[in-house]
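The values are calculated or read from the model by the stated rules, or taken from the named source; none is laboratory data. Bear in mind that the values here come from a model prediction, so they are computed numbers and not experimental data. Counting neighbours? That spans all protein chains shown, and the Cβs are built from the backbone with ideal geometry, glycine included.
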C-alpha cells in the first residue's frame, strides 16, 4: 500500500520535533481525518536554514511532513513557496488516492509557516 520511501519517512522522520524561537510557525489540520501538523522554520537572509515539524496523524501525514521539511531546507522563501503537494507525492514515490490530502496538508503547513514569517518580518520593518 505504501512505498518504501513513505515507510522510511514514517519510521524515521526527518527534522521531527519542536523548534525553539522559530521565525515562522504553520499550524494546519484536517478535521475529517483528525491529522494535525505544526511546521516551524528558521530563516536567514530569506533562506530556510532549519525546519522542524510535529504531526499527529497517520503514516501518510507523518511521511508527507518529513519529506516536505527535506524539500524546503536550504531553499529560499520564493523557492519553498513553489513546492506543491504533487512534489511531495512524487518524492514519496506515490500515495494512495485516499491519502493525497496528507500531502496537501504538508504543502499548506509550510506555506502557513512562511506566511507567518513574512507577517512577522513586515511588522519588524514597520517598527
Do you know which of the residues in region 19-60 that are buried (at least 24 other Cβ atoms within 10 Å of the Cβ) and more than 10 Å from the chain's Cα centre (by Cα) is nearest to residue 90 (Cα to Cα)?
60
Can you name the number of the only condition in (1) surrounded by fewer than 19 Cβ atoms within 10 Å (Cβ to Cβ); (2) outside any loop (DSSP other than H, G, I, E, B); (3) at pLDDT 95 or above that residue 123 fails?
(3)
Just need a number here: residues in region 23-46 that are part of a strand (DSSP E or B) and farther than 17 Å from residue 115 by Cβ.
4
Hits in region 2-13 (condition: crowded, with 17+ Cβ neighbours inside 10 Å and in a loop (DSSP other than H, G, I, E, B))
2, 13
Here are some conditions: (1) in contact (Cβ under 8 Å) with a residue 60 or more places away in the chain; (2) buried (at least 21 other Cβ atoms within 10 Å of the Cβ); (3) over 12 Å from residue 26 (Cβ atoms). Residue 96 meets all but one. Which one does it not meet?
(2)
Given the structure, is residue 55 touching a helix residue (DSSP H, G or I) at 6+ places or on another chain (Cβ under 8 Å), assigned to a strand (DSSP E or B) and closer than 22 Å to residue 17 by Cβ?
yes
Can you confirm whether region 66-75 contains a residue that is part of a helix (DSSP H, G or I), out of contact with any strand residue (DSSP E or B) (no Cβ under 9 Å at 6 or more places or on another chain), surrounded by 14 or more Cβ atoms within 10 Å (Cβ to Cβ) and at pLDDT 95 or above?
yes
Restricting attention to region 104-120, and to residues there that are within 19 Å of residue 76 (Cβ to Cβ) and free of Cβ contacts under 8 Å to residues at least 40 places away in the same chain, which single residue is surrounded by the most Cβ atoms within 10 Å (Cβ to Cβ)?
107
